[in-house]
Amino acid sequence: MSLLTRLGGPTQEVKERKESFIKARSFSKLTDLEVKLHNHLVDEIKKPENQDKDMDLLIEALANDFLEREGEQLTFEEKKQLMSDISHELTGFGPISPLLADPRVTEVMVNGPNDVYIEVNGKIEKTEIHFRDNMHVLRVIEKIVSPLGRRIDESVPMVDARLPDGSRVNAIIPPLALNGPTVTIRKFSDTPFTIYDLLRMGTLSENMANFLKTAVESKLNIFISGGTGSGKTSTLNVLSSFIPRNERIVTIEDAAELKLSQDHVVSLESRPQNIEGQGEITIRDLVRNSLRMRPDRIIVGEVRSAEALDMLQAMNTGHDGSLGTGHANSPRDMLARLETMVLMSGFDLPVRAIREQISGALNLIVQQSRLKDGSRKITKITEVQGLEGDIITLQDIFVYSEQHNPNTGKVIGKFVSTGIIPHCVEQLELAGHNVRPLFKGEW
């Protein structure tokens, strides 16, 4: 008598192996059929008589005919899933198409063919979605970058691009990416957030919203700082919506993400170098050029290098009301980063001269953070008051007092006014705004 018989039947390990083998064989069958269906549809779609037909209806009809002949062994659910996968492959971006269509998903991360993660409500979670192999991921990447005149291969293994809806895409492939082709897609809503959305989500308080609105209308220079994924661009978009409609706005970005509601907007986008290493147009080039375009407002999507000097000079020479974002963990860190970025311009400027430029240019720094529970908050609105000696003095106007619920782990903090009247209040009052009631301490 065998050991399995004496134990009363197959072990759990043997059962799991058998189930795994059956699933693998079933998956292999589906994969082979999917490849055949894909090739068949591509050949049919290319025919001249099918060029003017509705693509979705054509794919559905052709796939139904094919599966009636070739898919007799498949269940109804398997046929439905196969048709969905093929449709996403031909008209979308493969297996991740449903994720891109899901409004709850804010970020899609593909770490090779078998690991697909998403961000929902500020939290990262793994999905059950997978690609067939590395080549499958590569084909999706090429489908994203090819319409933009970009390429990705071993000679150009990294690329930044954007989808037609404005979502930002970064792709990196082997040999640089050891896990396989890796894609990160930061999604942006078709309808940009408004100040009411930020209030509803608890990103800031009503007093803070009123203060920022009057600050933008009164042409204060504002910088939004924060970490990756903290919501800087969304907040920048909201602040930009307060700019009066009779002003000329020039936006400058690496990948065009801002969606302004005003009519008189000129959007500029940087360009990477080509395969020969030529033709690069940097953010700094665009900032310089924008000064000759008669802008009332200059908005830089993200300041990260030598363009900081040109941006500060523009703010100091009559281009009031300019806006920008930068990566930093606090307002003080943002000032230090701006100093470093100015030095990257190649000019050997003394530190005091740089700090004079910064203190003279900036009025407010809005600090945004993503908290432990995934929520995004404006944690500080800080005024740049000027230079005392060699130190730029800062004064917090509003802060977020963070507390935690020990039972749920949720952040239950509150927004607090420091009660200090900022120096810029005189400029706001000259523009016709009474903001003193906003600074009454805790509420």
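Hand me the list of helices (runs of 4 or more DSSP H) wholly inside the range 270-350 holding 1 or more residues that are over 25 Å from LEU260 (Cβ atoms), within 26 Å of the chain's Cα centre (by Cα) and of a type in the set (Val, Ile, Thr).
331-343
Which of the residues that make up the range 315-337 are hydrophobic (A, V, I, L, M, F, W, C) and free of Cβ contacts under 8 Å to residues at least 40 places away in the same chain?
ALA336
Which residues, taken from the range 157-181, are touching a helix residue (DSSP H, G or I) at 6+ places or on another chain (Cβ under 8 Å) and either polar (S, T, N, Q) or farther than 19 Å from LEU258 by Cα (or both)?
Those that are touching a helix residue (DSSP H, G or I) at 6+ places or on another chain (Cβ under 8 Å) and either polar (S, T, N, Q) or farther than 19 Å from LEU258 by Cα (or both): VAL159, SER167, ALA171, ILE173, PRO174, GLY180, PRO181.
Among the residues of the range 396-439, count how many are within 27 Å of GLY386 (Cβ to Cβ), in contact with a Ser or Thr (Cβ under 6 Å, 6 or more places away or on another chain) and part of a loop (DSSP other than H, G, I, E, B).
4
Answer yes or no as to whether GLY413 is surrounded by 11 or more Cβ atoms within 10 Å (Cβ to Cβ), in contact with a Phe, Trp or Tyr (Cβ under 9 Å, 6 or more places away or on another chain) and modelled with pLDDT under 90.
Criteria met by GLY413.
Is there any pair with a first residue in the range 135-153 that is assigned by TED's automatic domain parsing to the domain that holds SER270 and a second that is surrounded by 14 or more Cβ atoms within 10 Å (Cβ to Cβ) and among the small types (Gly, Ala, Ser) whose Cβ atoms are under 8 Å apart and which are 6 or more apart or on different chains, and what are they?
none
Tell me, which helices (runs of 4 or more DSSP H) wholly within the range 43-162 include 2 or more residues that are modelled with pLDDT under 85 and of a type in the set (Asp, Glu)?
55-70, 76-91
Collect the residues in the range 201-234 that are among the hydrophobic types (A, V, I, L, M, F, W, C) and within 22 Å of ARG248 (Cβ to Cβ), keeping them in residue-number order.
Scanning the range 201-234 gives LEU212, ALA215, VAL216, LEU220, ILE222, PHE223, ILE224.
Scan (1) buried (at least 16 other Cβ atoms within 10 Å of the Cβ); (2) under 24 Å from ASP310 (Cβ atoms); (3) among the aromatic types (Phe, Trp, Tyr) for the single condition TYR400 breaks and write down its number.
Every listed condition holds for TYR400 apart from (2).
Can you run down the residue pairs with Cβ atoms below 8 Å, 6 or more apart or on separate chains, where the first is in the range 193-218 and closer than 12 Å to ILE378 by Cβ and the partner is among the charged types (D, E, K, R) and exposed (fewer than 14 other Cβ atoms within 10 Å of the Cβ)?
What qualifies is LEU199/GLU206.
Residues of the range 163-187 being part of a strand (DSSP E or B) and either hydrophobic (A, V, I, L, M, F, W, C) or buried (at least 18 other Cβ atoms within 10 Å of the Cβ) (or both), which ones?
Listed by number, the residues that qualify are ARG168, VAL169, ALA171, ILE172, THR182, VAL183, ILE185, ARG186.
From (1) acidic (Asp, Glu); (2) under 30 Å from SER369 (Cβ atoms); (3) at pLDDT 90 or above, pick out the condition that doesn't hold for ASP285.
Tallying (1) acidic (Asp, Glu); (2) under 30 Å from SER369 (Cβ atoms); (3) at pLDDT 90 or above, ASP285 fails exactly one: (2).
Can you tell me which residues in the range 241-255 are of a type in the set (S, T, N, Q), touching a residue at least 40 places away in the same chain (Cβ under 8 Å) and farther than 19 Å from SER270 by Cβ?
Listed by number, the list holds a single entry, SER241.
Looking only at the range 1-15, decide whether some residue is modelled with pLDDT of 65 or more, basic (Lys, Arg), farther than 28 Å from ALA177 by Cβ and over 29 Å from the mean Cα position of the chain (by Cα).
Checking the range 1-15: not a single residue is modelled with pLDDT of 65 or more, basic (Lys, Arg), farther than 28 Å from ALA177 by Cβ and over 29 Å from the mean Cα position of the chain (by Cα).
Take ASP160 and decide whether it is in contact with a Gly (Cβ under 9 Å, 6 or more places away or on another chain), outside the structural domain of LYS259 (by TED's automatic domain parsing) and among the acidic types (Asp, Glu).
No, not satisfied.
Please count how many residues of the range 188-224 are under 27 Å from LEU163 (Cβ atoms) and surrounded by 17 or more Cβ atoms within 10 Å (Cβ to Cβ).
Adding up the residues that qualify gives 7.
Enumerate the pairs (first residue in the range 402-414 and among the basic types (Lys, Arg); second residue anywhere and in a loop (DSSP other than H, G, I, E, B) and exposed (fewer than 14 other Cβ atoms within 10 Å of the Cβ)) with beta-carbon separation below 8 Å, excluding pairs fewer than 6 apart on the same chain, so at least 6 apart or on different chains.
These pairs meet every condition: LYS414/GLN403.
Kindly provide the set of residues from the range 310-344 that are farther than 20 Å from GLU383 by Cα and buried (at least 17 other Cβ atoms within 10 Å of the Cβ), ordered by number.
ASP310, MET341, VAL342
When THR379 is evaluated against the numbered criteria (1) over 25 Å from ILE243 (Cα atoms); (2) in contact with a Phe, Trp or Tyr (Cβ under 6 Å, 6 or more places away or on another chain); (3) at pLDDT 90 or above, which criterion, by number, is the only one it fails?
(1)
Check LEU387 against each of (1) surrounded by 15 or more Cβ atoms within 10 Å (Cβ to Cβ); (2) part of a helix (DSSP H, G or I) and name the one condition it does not meet.
If we test LEU387 against (1) surrounded by 15 or more Cβ atoms within 10 Å (Cβ to Cβ); (2) part of a helix (DSSP H, G or I), just (2) comes out false.
The values are calculated or read from the model by the stated rules, or taken from the named source; none is laboratory data. None of the values given here were measured: they were computed from a predicted structure. Note that each Cβ is placed from the backbone with ideal geometry, even for glycine, and that neighbours are counted across all protein chains shown.
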